[in-house]
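Read through the structure below, which is laid out as structure tokens, and then see the notes.
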Amino acid sequence: MSKRLKIDLEYIFSSSKPMLFHFLTAPEGLKAWYCQEVSVEGDVYHFSWEGEKESAVVSGDKYKYVIEYFWKDRTPEEKTTFVIEKSPITGETILRISAFCDDDFLDEETIYWDNAIEELKHATGG
């Protein structure tokens, strides 16, 4: 039986924190890089990918640039978290992602995020 693992990833962007926040929370932004379809009912987002559907309660703080997706079919600890920060040294925008996956899919999960973030960088202009 697979064990669930937390993975922490970090990506550098040249786009602004507000722009990146928009692409992580707005339906049209999410469809540009994360999912095929998304609909929002209050604080619940309904996602679909190639026929698969999943829902999450979203909590965000646009002033601290933190977004948390609490997936309905997972434990609360298995949330997906996005933290957007600005490097005080380089001025670049840093996106930190915490997510969970089965231990035997760790490599695939990392590749998934790397590819998704490339789409996000393309959509945000870098």
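Brief remarks follow.
- Spatial offset of the range 91-114 relative to the range 32-90 amounts to 14 Å, using the alpha carbon center of each.
- The chain: Cα Rg divided by the 2.2 N^0.38 Å rule of thumb: 1.03
- Taking 20 Å as the straight-line reach from the Cα of Lys64, the lysines in range (excluding those fewer than 8 positions away in the same chain) are Lys17, Lys79, Lys86.
- Here is the tail figure for the range 17-66: Cα pairs spaced more than 16 Å apart come to 40 percent of all pairs.
- For the range 1-92, the relative contact order works out to 20 percent when only alpha carbon pairs closer than 8 Å and six or more residues apart are counted.
- Here the peptides 34-42, 95-103 are ranked by packing, the mean other Cβ count within 10 Å, and the order with the highest first is 95-103, 34-42.
Only the coordinates and a few stated rules stand behind these numbers; no lab work does. These figures come from a predicted structure and were not determined experimentally. Please note: Cβ atoms are built from the backbone with ideal geometry, for glycine as well, and neighbour counts cover all protein chains shown.
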